[in-house]
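Read through the structure below, which is laid out as structure tokens, and then see the notes.
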Amino acid sequence: MAYVALRSVRKRYSDKEILKGVSIDIQRGELISIVGPSGSGKTTLLRLIDGLDFPDSGEIFIDGIKLTMENAPKLRKKVGMVFQNPVLFDASVYDNVAFSLKFRGLPDDLIRQRVEAALNLVMLNDLAKRSALTLSGGEAQRVALARALVYDPELILLDEPTANLDPANVLIIEGALREANLQEKTVVLVTHNIFQAKRLANRVALLLEGEMVEVQETESFFNRPLDPRTRRFIDGDLVY
Amino acid sequence: MWCDSMGWIEIFLDGISEAFGLILSSDAEILGIAALSLKVSMIATLLGAAFGVPLGFLIASRSFYGRSLTIAVINTFMGIPPVVVGLAVYLLLSSSGPLGFLSILYTPQAMILAQTLLTFPVVCGLTVSSILALDQRLKETLQSLSAPKLWEAFILLRESRIGLITAVIAAFGAAISEVGAIMMVGGNILGYTRALTTAIMLYTNTGEFALAIALGIILLLLSFGVNLALTILQMRYRKKR
Ligand SMILES: Nc1ncnc2c1ncn2[C@@H]1O[C@H](COP(=O)(O)OP(=O)(O)OP(=O)(O)O)[C@@H](O)[C@H]1O
Ligand SMILES: [Mg+2]
């Protein structure tokens, strides 16, 4: 079975059905990119995988275990999430990243080692002592990534981690994601940017109005899409 | 009466000079009254915070049936008249009351108990509102990092610390300035339960205006000192934003 498996997942908020029976298999160690227009349900999908919210019907399996309200806290320990608009704690950059290691009970010297490695990955070691609330948007986004990577999750969920960032910041974050992917981590990257998907992903999935329209190897997704809607999305003809 | 022959400005100025005279001469009686006021109100504020912050946090961060009603009740109690609290505590502590066996009516302990009942809803209500005002994404972030409940509480309380200090300031203000509750359960006994506010009331009634004004000034200065310390703390936290 796939590392993450969604089976006919449906989710509605009040009167609107956001996810209309989404099924997808995400393999261990792959970097899959989920693309789709604004409002298509990408964030909702990530939140369900992280067990922050639950489907109305359908099932989600993580590593073969069915995700439920009861086991979500346990399953989530192996999952790292970077939110679309991350909030940092009112503390130093270092403490933001170290936080999850402290309650995991790691010894101080190991915490220091791991935090330094995580900050190195996003090239923020110089800012370790800075108050996180004084950071620029790009720096804050990188801290959020370091914070989600530092406890070595097997599965990493990223919601538009480079939206509104300049090329230098994008490069740093994409580098960190490549590195995570090289370490056999499973990465789910939600992005608006199809070029980013092209650069990074092993596979790409298109979510349109709550429906999983197409999931393919990156090369095929862009060159030989099976669904006409994918072609229109890639060509930018799909108005949204 | 001497006050009839004197203008209010003279009384006032006389009071001020007498106040500083008393403060500078560290009159034992005045010092005792001021110290008791400060002690009772500070302990009541600390106790109110010790119960009010955790309960306020729980109410704000859990969803349960009747939550809005609970919050409305607490907010109502934030404005409860001190005499009503005094009456309730009096009835509780009177020899025939349920807590009569404690025999603490007309003691500083009774005053602390009464003022704690005043400070508790203030701290609790303001804690609820400052936790509710936090960015909802903070909680979700903590959840996604798998933070245990206590760590989550620690971070959320830390994030709302400016509001919590406001809660403590408001609670201390309510305690140090009230007269009704401590009058009823303390009895204004000289050298034992006489506090600044009850003394001011007494000396005003007996026409000793200069002394009353002196005590009023001391009350303001004490209150100012405590608030200054808390405000400095608050501003230090705000600087980082
Ligand atoms: N808690 C909620 N209550 C009501 N509606 C919601 C809620 N969360 C999301 N929605 C709605 O669900 C739809 C999908 O939202 P979602 O955030 O998943 O979209 P998205 O694909 O991530 O969009 P974007 O690319 O703009 O971030 C939107 O129309 C949104 O308004
Ligand atoms: Mg989104």
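In segment A:149-208, how many residues are away from every other protein chain (no Cβ under 14 Å), of a type in the set (Val, Ile, Thr) and away from ligand 2 (no atom under 16 Å from the Cβ)?
Residues that pass the stated criteria total 6.
Does at least one position in segment A:72-88 carry a residue that is surrounded by fewer than 22 Cβ atoms within 10 Å (Cβ to Cβ), among the aliphatic types (A, V, I, L, M) and at the interface with another protein chain (Cβ under 8 Å from one of its Cβ atoms)?
For segment A:72-88, residues surrounded by fewer than 22 Cβ atoms within 10 Å (Cβ to Cβ), among the aliphatic types (A, V, I, L, M) and at the interface with another protein chain (Cβ under 8 Å from one of its Cβ atoms): present.
Against the condition over 24 Å from A:Lys42 (Cβ atoms) and more than 9 Å from chain B (Cβ to nearest Cβ), how does A:Leu135 come out, does it pass?
Considered against the rule, which asks whether it is over 24 Å from A:Lys42 (Cβ atoms) and more than 9 Å from chain B (Cβ to nearest Cβ), A:Leu135 comes out as yes.
Mind checking which residues of segment A:12-31 are within 16 Å of ligand 2 (Cβ to nearest atom) and either crowded, with 23+ Cβ neighbours inside 10 Å or not in a strand (DSSP E or B) (or both)?
A:Leu19, A:Val22
Residue by residue through segment A:42-80, note down the ones that are away from ligand 1 (no atom under 16 Å from the Cβ), of a type outside the set (A, V, I, L, M) and assigned to a loop (DSSP other than H, G, I, E, B).
Of everything in segment A:42-80, those that are away from ligand 1 (no atom under 16 Å from the Cβ), of a type outside the set (A, V, I, L, M) and assigned to a loop (DSSP other than H, G, I, E, B) turn out to be A:Asp63, A:Gly64, A:Thr68, A:Glu70, A:Asn71.
Residue by residue, here is whether (1) surrounded by fewer than 20 Cβ atoms within 10 Å (Cβ to Cβ); (2) among the acidic types (Asp, Glu); (3) within 22 Å of B:Val89 (Cα to Cα); (4) at pLDDT 95 or above holds:
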{"position": "B:Ile162", "(1), (2), (3), (4)": "yes, no, no, no"}
{"position": "B:Ala167", "(1), (2), (3), (4)": "no, no, no, yes"}
{"position": "B:Val185", "(1), (2), (3), (4)": "no, no, yes, yes"}
{"position": "B:Ala195", "(1), (2), (3), (4)": "no, no, yes, yes"}
{"position": "B:Glu208", "(1), (2), (3), (4)": "yes, yes, no, no"}
{"position": "B:Ile213", "(1), (2), (3), (4)": "no, no, no, no"}
{"position": "B:Gln234", "(1), (2), (3), (4)": "yes, no, no, no"}
{"position": "B:Tyr237", "(1), (2), (3), (4)": "yes, no, no, no"}
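Only one of B:Leu13, B:Leu31, B:Leu46, B:Leu38 is within 30 Å of B:Ala153 (Cα to Cα) and assigned to a helix (DSSP H, G or I); which?
Matching residue, one of B:Leu13, B:Leu31, B:Leu46, B:Leu38: B:Leu46.
Just to check your reading of the model, which residue among A:Ile156, A:Ile173 is at pLDDT below 95 and not polar (S, T, N, Q)?
None of the others qualify; the one that does is A:Ile173.
Starting from segment A:154-178, take each residue that is more than 25 Å from A:Ile62 (Cβ to Cβ) and list its partners that are more than 16 Å from ligand 2 (Cβ to nearest atom) and of a type outside the set (A, V, I, L, M), counting only C-beta distances under 6 angstrom and pairs at least six apart or across chains.
A:Leu165/A:Gly138; A:Asn169/A:Gly138
Inspect segment B:212-231 for any residue being touching a helix residue (DSSP H, G or I) at 6+ places or on another chain (Cβ under 8 Å) and aromatic (Phe, Trp, Tyr) and give the result as yes or no.
The answer is no, given that none of the residues of segment B:212-231 is touching a helix residue (DSSP H, G or I) at 6+ places or on another chain (Cβ under 8 Å) and aromatic (Phe, Trp, Tyr).
Give me a count of the residues in segment A:89-108 that are under 29 Å from A:Ser136 (Cα atoms) and more than 9 Å from chain B (Cβ to nearest Cβ).
Total meeting the criteria: 9.
Can you name every residue in segment A:116-132 that is within 14 Å of chain B (Cβ to nearest Cβ) and surrounded by 15 or more Cβ atoms within 10 Å (Cβ to Cβ)?
Across segment A:116-132, the qualifying residues are A:Ala118, A:Arg130, A:Ser131, A:Ala132.
Can you pull out every residue in segment B:149-195 that is assigned to a loop (DSSP other than H, G, I, E, B) and more than 14 Å from chain A (Cβ to nearest Cβ)?
B:Glu178, B:Val179, B:Gly187, B:Asn188, B:Ile189, B:Leu190, B:Gly191, B:Tyr192, B:Thr193, B:Arg194, B:Ala195
The values are calculated or read from the model by the stated rules, or taken from the named source; none is laboratory data. Remember, it's a predicted structure, so these values are computed and weren't measured experimentally. Please note: Cβ atoms are built from the backbone with ideal geometry, for glycine as well, and neighbour counts cover all protein chains shown.
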